[in-house]
Amino acid sequence: MTADSTPALVKQADADTEGPAPAGPAAARGPRARNTKAYLRYVAAKILGAAVSLFAVLVTSFFLFRLIPSDPVKQMTGGRPISAEQLQSLRHQFGLDQPMWRQFTSYVGDALTGDLGTSYQFHAPVMDKIVEALPATLLLTGTAYVLYSALGIWLGTRTAWRNGSTSDRFNTALALTLYSVPSFWLGLLLIIVFSVGIGPIPGMFPTGGLESGNETGFAYVLDVAHHMVLPVITLVAVGYAQTLLVMRSSLLDEMGSDYLTTARAKGLRDDAVRRKHAVPNAMLPTFTLMFVNLGHVVAGQILVETVFSWPGLGGLFYQGLSVPDLPLVQGLFFVFATAVILANTLADVLYPLLDPRVGR
Amino acid sequence: MVERVPPHAAQPRSRLRVLLASGAAALGLAAASVVPGVPLGAASPQQAQAADSGRTTLTVAVAQSVDSLSPFLAQKLMSTSLTRLMYDFLTNYDAKDNHAIPGLATKWEPSADKLTWTYTIRSNSKWSDGQQATAEDAAWTFNKIMTDEAAGQANGSFVTNFKKVTAPSPTKLVIELKEPQATMAALDVPIVPKHLWDKVGDFSKFNNDTKFPIVGNGPFILTDYKVDQYVKLKANKDFWRGSPKFDEVVFKTYKDQDAAVAALRKGEVSFVAGSPALTPAQANSLKGEKNIKVNEGPGRRFFALATNPGAQTKDGKKFGNGNKALLDLKVRQALFLSIDRDTLIDKVFQGHAVNGAGYIPPRFPAYKWEPSADQKLGYDPAKAAKLLDQAGYKLKGDQRVGKDGKPLDLRILCHATDPNDKAIGKYLKEWWGKLGIGLKVDCLDDVSVPWYAGEYDLAFDGWSVNPDPDFVLGIHTCAALPVKAKESATTDDFICDKTYDELYKKQLAEYDPAKRADIVKQMQSWLYDSGYMNVIAYPNAVEAYRTDQIKSITTMPEAAGNIYGQDGYWSWWSAVPAGSGDGTDSDSGSSSTGVVIGIVVVVVVLAGGGFLLMRRRRTTADDRE
C-alpha cells in the first residue's frame, strides 16, 4: 500500500531546463533490464496482495453483517398480514433456514463465479442492482472528486506559497470549517437556501433526485446537470479541505529546499519555480490521497445521496442495511472494498513510475 | 527579463485572477438560476405539473422505494399502494366508514353452510390492452397464489383457508373454504390479467418492471418507473368508476423527509406525507404557509406498551428471560396506572395524537371499544403503589423489593429509530422510578431478535390496523406462537389464552357484521383486562398538500381523515386539479428554452473565464523570455 508512503522526490533544479529533469543519458541495457524485472516483480507482489485482500474482504463481508441482530424476514414483512407458512417459505427462499456453514460456502462459491446473490427485498440479482445504481454514483461522486481534487490542489498550492498571508489564514480556516461540517446538514442548508429560496435568494435548483423525468436528449443532459449542482457543491465543500491541507503541508516542506533557491538564483520567475519545480515534488502525497479518494468514489456518499435523494449506491446500501438485506449489503460492501483495493493497487503500480526509488 | 518576487507575498495579478474567477462563479450561479426556466425570485408551483401542455400532474413525495411492481411479491406499503392503483380488487372500502363496497365484484354472498362464496364479476371492467376482465382472471390469480409458493409471498395469508377457486362463467367466481371466514369481503389481492401473467415463468424473479405501460384495470395505468426516482401513472380514462381528474400521478422519491417538505414548500411536489406522520416541527413550520394545507386525520396505528407474558412455543415450551414479576396482573396494572397519558400526548406527540384505550383505533367506528368506568385504568399512581404492595413488592428505601429480596428492575425494548419511544422511555423511567421500579430503556435498530427470543420485560408496540381487524386480532392467538423457540412467528407478544382464542374463532365465523363487531369488542375488552398490553395513544396522520395544485381531495374517513395510505384509491382518484381546465401547464416550452439559455450563458462565462486565464498565463510565459 502506498497510503503512508510520502517520499520526497529527487530534487530537480537543472539550470538549463524548466521542466522536470530528463531521464538522463540512455542507461546501459543491463541495469534497465534489471529495473524492468524488479518493477514487474513489484507489480506482481502488489497484485497478489490485492487478491489476498479481496478474498479476505469476501469472507469478512459475510460474517460482518450477520453480527447485526436482526430478522430480515420479519423486518421485510412487518405490518402486513402474513401467515406462518409465508414466513417459513420466505426463510427457505432466502436460505436462512440453512446452517451457517452452508450459507457461507454457497456465498463464497457463488461470489467467485461473479454471482453476489439475490436481494431479499428487490427480488433481483445484487449485481443487477449495483450495476443499475453505479452510474448515478459515479456521475455524482466522480464529478465532485475531480472538482474537489482540482480545487484542493490549486488552493493548497496558493495557500502554501503565500504562507501566513491573510488569504492563507482565511482559506485554511474556511477549509477546516467546511471539513468539520456534517455533509447532510450542509446539504439541507443548501436545499433551504438555493432550492426553496430565502429572502432575495431565489429557489434556483431542484430539491432532489437525478432528473425531473420530463426531458429527453440534450435537455435531459442539462436537466441532470442542473440536479447535480447542489449535491456536487456539498461534496466539494466538505471534500476539498483534505486535499488542500495535504497539498499545503507538503508544499511547505518543499519551500525551504535548496533546489528552489537554485531555481530562483538562476533567474526563474517565482511562478515558474512554483509550477515547474516545487509543485511536481509536492504532488506525491496528494497523488496518494487522490488514489485513496478515487476508491471511495464508488462507495458513494450515503448521507449526501440520502439528503438529495440521489439514486446511487450509497442510498442502496442504506436501504440494504435497514432490513438488513444480507446479500445486498455484503455484495455492496465487497464492491466498495474492491474499489478501494483496486485504487490503492493502481497507486502502488504507478508510484514507481513517478518516484523511481519506490519498488526497488 | 528576470524578475524576483518574494515567495510569500500576495501578488496583485493573482488577486485579479481570483476576482475574475469569483466573477465567473457568480455569473455561472446566476446563469444556472435560469436553467429551470423559472425567472429569478419566482416560485415554481407549476414544476409539479406535467410537461405536456394542458395536462395536469399530481406529484406525491414518497420516502419508500419500490421493492417490486409484481403484486405477487410487493411487500412495502409504497408498492402495495401502487398495485391498488394499477389493478382492481374484488372489493373496496367505502371512504366514509370503511364498509366493503363493490370493486371488480359487484356483489358477493355466502352459501347456507358458510363454506362457499359466490362473487359476481362486473362486465364493464377492461384491461388496458382492450381485453375484458373476467372471473377467469380472478380465479387464475387466486389459484396461482395457492399453488405456486413463489407467487404466494405477498398475499399467501389471504388464501390459507381456501379449498378451491373456480370461474364457472366470465361473471361468476366461486371460492370454497375449509372453514367459515368472515373476511371474504376484505381480500386485498390485486387481480391480474391471466392472458399476460400465465406466460411468467419464475414468479419469484419477475418484478413486472420491464414493459411499460403495465396492463391493468385500476384507476391508473403505470407508464414509467425509474428505480428510486419516480413512478408515473396516467389516468385510466376507461375505468368503470370514472376517470381520475388528474391526467397523471407521479410518485417521486425523497429519501429525506425534510427535503420532501422543502420540495412541497417550493411547489416541486403537490403532496407530502410523513412516515407515518410529519413531525410536529415539520407540521408547525408548514402551517400558515401560503398555498399549503396541513391535513391531520385520525391515524390507523395504535401506540402501546406490551409486557412479556412468558415466551412460549406452540407446544407450550417456555423460553426467554422475561421478568417473572410481570406474570402478576397487579404488577402489570400498577405499571399502566402510573402512566400520565395526557402528558405524553401533550409533550411527546405535541397534540398530534388521541388518548388510547381499545385495541382498534377509533378510525374504524364499527369496532371501536372503550373500557367501562370501573374497568378503566386511568392515571392513579397511589392506586398503583397499593397494587404493588398487594403483589408483595414493598417499598424499601426508594426501591420496590420482592419477597425474594431482589429489587424490581425492568427492561423495555425501544425502537432506536422512533424518537417517540425514546422520549416516552424517559417519562416511564421517571414515573415508575417514583413507584420504586427501576427501568432500563434498550433502544435497538431492530427489536425483533430479542423480542422473538423472549428476552425482554416490556416493549413499545404498535400496529397499523386494516379496516378488517382479523389480522391484528389473530396475532394474539395460540396458533400464532412459534414452532421453535426464538424463531420469528406471527405472534406479537406470546399471548395464548383459551377464552381469547374462542372469541377469535367465533368472530371469524360470524357473517353478521353487527354480531361480529360485538365479538371483536369483547376481544378488546379481554385484551385490556388481561393487562398484557396497554394502548397508550393513537397517533394522528399528519400530511400536507399544495392548494394551488390540488383543489380538492377525498380524505378517509371522508369527514376528517387522512390522504396517504388509504384503504382504497380514493385520494388520488378523487383529487381535482386547482384551476382545472385553465391550462396550468404553459411553462414546459419555456422550461426547455430556459435550460438552453442558462447553459449557454454558463458555457460562455466559463469559456470567457478560461480564455482570460490562458491569456494571462501566456503573458507570463512571454515575460520570461
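Where residues in segment B:336-376 are of a type in the set (A, V, I, L, M) and under 28 Å from B:K515 (Cβ atoms), which of them is surrounded by the fewest Cβ atoms within 10 Å (Cβ to Cβ)?
Going through the qualifying residues, I end up with B:A373.
Under 25 Å from the mean Cα position of the chain (by Cα) and not hydroxyl-bearing (S, T, Y): which single residue out of B:N308, B:N321, B:N284 fits that description?
B:N284
Inside segment A:328-348, can you point out the residues that are touching a Lys or Arg at 6+ places or on another chain (Cβ under 6 Å) and not hydroxyl-bearing (S, T, Y)?
The one that is touching a Lys or Arg at 6+ places or on another chain (Cβ under 6 Å) and not hydroxyl-bearing (S, T, Y): A:D348.
If B:N420 satisfies all but one of (1) crowded, with 16+ Cβ neighbours inside 10 Å; (2) in a strand (DSSP E or B); (3) not acidic (D, E), what's the number of the condition it fails?
(2)
What strands (runs of 3 or more DSSP E) lie completely within segment B:485-557 and have 1 or more residues being under 19 Å from B:F302 (Cα atoms) and at pLDDT 95 or above?
The strands (runs of 3 or more DSSP E) meeting that bar are B:533-539, B:541-546.
Pull out all pairs, ordered by first then second residue, where Cβ-Cβ is under 6 Å, the residues are six or more apart or on different chains, the first lies in segment A:331-358 and is without any contact (Cβ under 8 Å) to a residue 60 or more places away in the chain, and the second is in a helix (DSSP H, G or I).
Final answer for the pair search is A:F336/A:A299; A:A339/A:G295; A:A339/A:V298; A:V340/A:G295; A:A343/A:F291; A:A343/A:L294; A:A343/A:G295.
From the residues in segment A:307-358 that are within 14 Å of chain B (Cβ to nearest Cβ) and surrounded by fewer than 20 Cβ atoms within 10 Å (Cβ to Cβ), which one is nearest to A:T118 (Cα to Cα)?
Residue satisfying both the conditions and the ranking: A:L321.
Quick check, is A:T262 more than 10 Å from chain B (Cβ to nearest Cβ), under 21 Å from A:A175 (Cα atoms) and among the polar types (S, T, N, Q)?
no
Considering each residue of segment B:233-249, count those that are surrounded by 24 or more Cβ atoms within 10 Å (Cβ to Cβ) and either farther than 21 Å from B:P193 by Cβ or facing chain A (nearest Cβ under 9 Å) (or both), and give that number.
2
Let's see how each residue does on (1) more than 9 Å from every other protein chain (Cβ to nearest Cβ); (2) out of contact with any Lys or Arg (no Cβ under 8 Å at 6 or more places or on another chain); (3) closer than 23 Å to B:N124 by Cα; (4) not small (G, A, S):
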position	(1), (2), (3), (4)
B:T59	yes, no, no, yes
B:V66	no, no, no, yes
B:K76	no, yes, no, yes
B:S79	yes, yes, no, no
B:M86	yes, yes, yes, yes
B:A95	yes, yes, yes, no
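Taking segment B:383-416 only, how many residues are among the basic types (K, R) and in a strand (DSSP E or B)?
4
For segment B:283-303: of the residues being of a type in the set (D, E, K, R) and assigned to a loop (DSSP other than H, G, I, E, B), which is surrounded by the fewest Cβ atoms within 10 Å (Cβ to Cβ)? First the steps, then the outcome.
Filtering segment B:283-303 for residues of a type in the set (D, E, K, R) gives B:287, B:289-290, B:293, B:296, B:300-301.
Then drop every residue that is not assigned to a loop (DSSP other than H, G, I, E, B), which leaves B:287, B:289-290, B:300.
Details: B:K287: 11, B:E289: 13, B:K290: 9, B:R300: 25.
Here the residue is B:K290.
Name every residue in segment A:313-330 that is small (G, A, S), within 23 Å of the chain's Cα centre (by Cα) and within 14 Å of A:S70 (Cβ to Cβ), in order of residue number. Working first, answer last.
Restricting attention to segment A:313-330, the residues satisfying the condition of being small (G, A, S) are A:314-315, A:320, A:322.
Subset that is within 23 Å of the chain's Cα centre (by Cα): A:314-315, A:320.
Scanning segment A:313-330 gives a single hit, A:G320.
Let me spell it out: the conditions are (1) within 14 Å of chain A (Cβ to nearest Cβ); (2) farther than 27 Å from B:Y93 by Cβ; (3) surrounded by fewer than 18 Cβ atoms within 10 Å (Cβ to Cβ), and B:T223 meets all of them except one. Which number is the exception?
Only one criterion in (1) within 14 Å of chain A (Cβ to nearest Cβ); (2) farther than 27 Å from B:Y93 by Cβ; (3) surrounded by fewer than 18 Cβ atoms within 10 Å (Cβ to Cβ) is unmet by B:T223, namely (2).
Being facing chain B (nearest Cβ under 10 Å), surrounded by fewer than 21 Cβ atoms within 10 Å (Cβ to Cβ) and among the aliphatic types (A, V, I, L, M), is that true of even one residue in segment A:236-252? Give the derivation first.
First, the residues of segment A:236-252 that are facing chain B (nearest Cβ under 10 Å): none.
Checking segment A:236-252: not a single residue is facing chain B (nearest Cβ under 10 Å), surrounded by fewer than 21 Cβ atoms within 10 Å (Cβ to Cβ) and among the aliphatic types (A, V, I, L, M).
Kindly provide the set of residues from segment B:261-282 that are buried (at least 23 other Cβ atoms within 10 Å of the Cβ), part of a helix (DSSP H, G or I) and more than 8 Å from chain A (Cβ to nearest Cβ), ordered by number.
B:V261, B:L264
If you check B:D88, B:D97, which single one turns out to be surrounded by 22 or more Cβ atoms within 10 Å (Cβ to Cβ) and among the charged types (D, E, K, R)?
Going through B:D88, B:D97 in turn, just one is surrounded by 22 or more Cβ atoms within 10 Å (Cβ to Cβ) and among the charged types (D, E, K, R): B:D88.
Condition first: farther than 14 Å from B:P361 by Cα and touching a Lys or Arg at 6+ places or on another chain (Cβ under 8 Å). Now tell me which residues in segment B:484-541 satisfy that.
B:A485, B:S488, B:Q507, B:A509, B:E510, B:Y511, B:I519, B:G531, B:Y532
If a residue must be out of contact with any Phe, Trp or Tyr (no Cβ under 9 Å at 6 or more places or on another chain), of a type in the set (D, E) and within 12 Å of another protein chain (Cβ to nearest Cβ), how many such residues does segment B:427-454 contain?
2
Look at segment B:296-313 and say how many of its residues are within 24 Å of B:D97 (Cβ to Cβ), out of contact with any Ser or Thr (no Cβ under 7 Å at 6 or more places or on another chain) and not aromatic (F, W, Y). Before you say what the answer is, go through the steps one by one.
First, pick out the residues of segment B:296-313 that are within 24 Å of B:D97 (Cβ to Cβ): B:296-303.
If we keep only those that are out of contact with any Ser or Thr (no Cβ under 7 Å at 6 or more places or on another chain) too, we end up with B:296, B:298-299, B:302-303.
Subset that is not aromatic (F, W, Y): B:296, B:298-299.
Matching residues across segment B:296-313 total 3.
Can you name the condition, by its number, that A:S106 falls short on among (1) closer than 30 Å to B:D209 by Cα; (2) within 12 Å of chain B (Cβ to nearest Cβ)?
Every listed condition holds for A:S106 apart from (2).
Residue by residue, here is whether (1) farther than 15 Å from A:T143 by Cβ; (2) surrounded by fewer than 23 Cβ atoms within 10 Å (Cβ to Cβ); (3) modelled with pLDDT of 95 or more holds:
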{"residue": "A:I198", "(1), (2), (3)": "yes, yes, no"}
{"residue": "A:G203", "(1), (2), (3)": "yes, no, no"}
{"residue": "A:E215", "(1), (2), (3)": "yes, yes, no"}
{"residue": "A:V229", "(1), (2), (3)": "no, yes, yes"}
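Residues checked against (1) hydrophobic (A, V, I, L, M, F, W, C); (2) touching a Pro at 6+ places or on another chain (Cβ under 7 Å):
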{"residue": "A:D270", "(1), (2)": "no, yes"}
{"residue": "A:R274", "(1), (2)": "no, no"}
{"residue": "A:H277", "(1), (2)": "no, no"}
{"residue": "A:W310", "(1), (2)": "yes, yes"}
{"residue": "A:L321", "(1), (2)": "yes, no"}
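Could you tell me how many of the residues in segment A:155-187 are free of Cβ contacts under 8 Å to residues at least 12 places away in the same chain, surrounded by fewer than 19 Cβ atoms within 10 Å (Cβ to Cβ) and over 17 Å from A:V238 (Cβ atoms)?
6
Against the conditions (1) at pLDDT 85 or above; (2) more than 10 Å from chain B (Cβ to nearest Cβ); (3) surrounded by fewer than 23 Cβ atoms within 10 Å (Cβ to Cβ), where does A:H296 fall short? Just the number, please.
Looking at each condition in turn, A:H296 falls short on (1).
When only residues in segment B:457-483 that are touching a Lys or Arg at 6+ places or on another chain (Cβ under 6 Å) and surrounded by 20 or more Cβ atoms within 10 Å (Cβ to Cβ) count, which is farthest from the other protein chains (Cβ to nearest Cβ)? Before you say what the answer is, go through the steps one by one.
To start, the set of residues in segment B:457-483 that are touching a Lys or Arg at 6+ places or on another chain (Cβ under 6 Å) comprises B:457, B:462, B:464-465, B:481, B:483.
Keeping just the survivors that are surrounded by 20 or more Cβ atoms within 10 Å (Cβ to Cβ) gives B:457, B:462, B:465, B:481.
Values: B:D457: 18, B:G462: 9, B:V465: 10, B:L481: 9 Å.
Going through the qualifying residues, I end up with B:D457.
Which residue out of A:V304, A:V273 is free of Cβ contacts under 8 Å to residues at least 24 places away in the same chain, in contact with a Leu (Cβ under 8 Å, 6 or more places away or on another chain) and within 11 Å of chain B (Cβ to nearest Cβ)?
A:V273
Consider only pairs whose beta carbons are under 6 Å apart and that are at least six residues apart or on different chains; among these, list those whose first residue lies in segment A:78-95 and is more than 19 Å from B:D446 (Cα to Cα) and within 8 Å of chain B (Cβ to nearest Cβ) and whose second residue is crowded, with 18+ Cβ neighbours inside 10 Å and among the β-branched types (V, I, T).
Taking only residues 6 or more apart or on different chains, the pairs are A:A84/B:T490.
The values are calculated or read from the model by the stated rules, or taken from the named source; none is laboratory data. These figures come from a predicted structure and were not determined experimentally. Backbone-built Cβ (ideal geometry, glycine too); neighbour counts: all protein chains shown.
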